[in-house]
Amino acid sequence: MLNRLPHGVVGVVSLSLLTLNVIFWVSVLFFFSILKFLLPITAIRRRIDPILLWIAENWIAGNVRWMNWTQKTVWDVKGDVDLDYRGWYLVVCNHQSWADIFVLQKLLNRRIPLMKFFLKRELIWVPLMGLAWWALDFPFLRRPSAEHLKKHPDQRGKDLETTRRACRKFEFIPTSVMNFLEGTRFTEAKHVKQDKPYRYLLKPKAGGIALALSVLGDKFHSLLDVTIVYPQGIPTFWGFLSGRVKKVIVRFSRLEIPRHFLHRDYEKDKAFQMQFQQWVQALWAEKDRQIGCLFEEAEGV
């Protein structure tokens, strides 16, 4: 078995399989994405988009295969959640490592519609992957700093409009809108810079999911809350590829989205903005408590 090889060899094999899987499926995706670009007609898009989603799901399935071949990871997954592949989901999760994306895809591929991640705009230039994310309608956000917005106030709100346009595309086919609320991967340096508002998490950002609810609120079945814990410590991407992640703990819970949060103007309605932020902060405080309990359980085993 590949997972019995030395870690360095496992890493090289995993990276090779990952690369081959990307090249093959992006090449297939490229053909249909060209049609999508050259023929930007709604009727044609509605025929091409299901094909693109089928390609993406097979691409993810390929990743799951090489993970099963090369990893000896123990998966502790719990959550009394009935999932519907034909539904719309708003998915939130804590973020620690690039491995998080593979964890989510392994556990949710073909159980819910393809997850569309909010991405930094710079990632559109990643070879092959940038084209794939664009073809699959992943929202690309600029996320300018507060200092940049002070110098260029005309750019304020552009990310919200980008998100709004992206979410409107999701009206035509079941979609899972995925958002790492922290907006960045957890590191101790970032944790300290934020004055450690939570024990295991960074501060959540509510604007992205609030806007998704304003555009697609009636379509979302519920909010799917995912918590990922690495008991032996947060892995690097190479550590993950090398098979050094001995155990992953994942907990799912499905939360009802308050009806009065749907179709509200997060940017202009300050009272709603504060109310929604408090709801997200309460969600994050409970996640932080849950992570602490999971670490205590793992240590007690």
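Values in this text are rule-based calculations from the coordinates and carry no lab data. None of these values were measured; they are calculated from a predicted model. Glycine also receives a Cβ, built like all others from the backbone with ideal geometry; neighbour counts cover every protein chain displayed.
Which lysines, on any chain, are close to LYS205 with Cα under 21 Å apart, when same-chain ones fewer than 8 places away are left out?
Straight-line reach from LYS205, under 21 Å: LYS116, LYS120, LYS150, LYS158, LYS190, LYS193, LYS196, LYS268, LYS270, LYS287.
Averaging sequence separations of C-alpha pairs under 8 Å and six or more residues apart, then dividing by the length of the stretch 1-148, give the relative contact order as a whole percent.
Computed over the stretch 1-148, the figure is 28 percent.
If you take the beta carbon distance between VAL74 and ARG111 as r and set R0 to 25 Å, what does 1/(1 + (r/R0)^6) give as a FRET efficiency, to the nearest 0.05?
For VAL74 and ARG111, the calculated efficiency is 0.75.
Please give, to one decimal in nm, the separation of the simple spin-label points placed at THR236 and GLU296, each 7 Å out from Cα toward the Cβ.
With each label placed 7 Å out from Cα toward Cβ, I get 3.3 nm.
ARG86 to ARG65: FRET efficiency via 1/(1 + (r/R0)^6), r the Cβ-Cβ distance, R0 25 Å, to the nearest 0.05?
FRET efficiency, ARG86 to ARG65: 0.50.
Can you tell me which aspartates and glutamates have their Cα less than 14 Å from the Cα of LYS169? Leave out same-chain residues fewer than eight positions away.
The qualifying aspartates and glutamates are ASP49, ASP137, GLU161.
Kindly provide the helix-only [θ] at 222 nm of the chain, computed as the sum of -39,500 (n - 2.57) over DSSP H runs of four or more divided by all residues, to the nearest 500 deg cm²/dmol?
Computed mean residue ellipticity for the chain: -16000 deg cm²/dmol.
I'd like the distance between the alpha-carbon centres of the stretch 257-301 and the stretch 26-49, rounded to an integer number of Å.
That distance is 37 Å.
Starting from the Cα of GLU57, step 7 Å along the direction of its Cβ; do the same at LYS193; then give the gap between the two resulting points in nm.
Simple spin-label model gives 3.9 nm for this pair.
Let me check against my output: what whole-number percent is the relative contact order of the chain, with C-alpha pairs under 8 Å and at least 6 apart?
Over the chain, the number comes to 25 percent.
Select one label from [x] 25.1; [y] 21.2; [z] 16.8: the one whose number is mean projected area of the Cα convex hull in nm² as derived from the coordinates shown.
For mean projected area of the Cα convex hull in nm², the calculated option is [z].
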